[in-house]
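The block underneath contains the structure these notes are about, expressed in structure tokens.
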Amino acid sequence: IDEKADVYSDFDNFELSTLQIRLKASAKSPLWNQKLTLRQLSTQQFISWGEQSNMHKILLRACNNVGFTPNIIVHSNDIECNERLIGSGIGIGLGSATTKRTAFLDISDFDERYTVYCYYKAQSNYGNVEHFLNFLKSK
């Protein structure tokens, strides 16, 4: 189970889920109620997922595409830690949901999705593996 990648070229696959990824900040942030471009956030501090995570790569790619490298002050793979840091106003971060303490920013040029695929070998698609794959497909 991973994002779409060439490393799995000899595997069959199907889409498991797609999440819209948005930038969010503290619900008390002065940025919260503004219409912005991603470039306007170039001076902000960012909270990011771990450096090897796909979410981190999405953030870097989006920022680089508009001409800046984000000032990442914390890397964490802990969703609760990220939510607390963003909610406390320490930095902006990526997510697919908000909490009482965070709010999505209105960024006109940030439209990212994270799609997860299930990869499997066709010759292994029988018995319990087939049942499991069919279960995943039905969800």
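At-a-glance table
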read-out	value
Those lysines that a straight Cα-Cα span of less than 24 Å connects to Lys28, excepting residues fewer than 8 apart in one chain	Lys100
The chain - charge dipole about Cα centre, Lys and Arg +1 at Cβ, Asp and Glu -1, debye rounded to 20	600 debye
Cα-based convex hull volume of segment 1-55 per residue, rounded to whole Å³	142 Å³
Listed pairs Lys4/Lys57; Lys4/Lys121; Lys57/Lys121 exceeding 25 Å between Cα atoms	Lys57/Lys121
Portion, in percent, of the accessible area of segment 1-127 that falls on carbon or sulfur, probe 1.4 Å	46 percent
Å³ per residue enclosed by the Cα convex hull of the chain	123 Å³
Protection-proxy order for peptides 121-129, 60-68, 90-98, 25-33, each taking the mean of Cβ atoms within 10 Å per residue, highest first	90-98, 25-33, 60-68, 121-129
Aspartates and glutamates whose Cα lies under 17 Å from that of Lys137, excluding same-chain neighbours fewer than 8 positions away	Asp2, Glu3, Asp12, Glu15
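The values are calculated or read from the model by the stated rules, or taken from the named source; none is laboratory data. Keep in mind the model is a prediction, meaning the values are calculated, not measured. So basically every Cβ, Gly included, is an ideal-geometry build from the backbone, and we count neighbours across all protein chains shown. All accessible areas refer to the heavy atoms of the entire protein, side chains included, with ligands and DNA or RNA removed. Shrake-Rupley method; radii C 1.70, N 1.55, O 1.52, S 1.80 Å.
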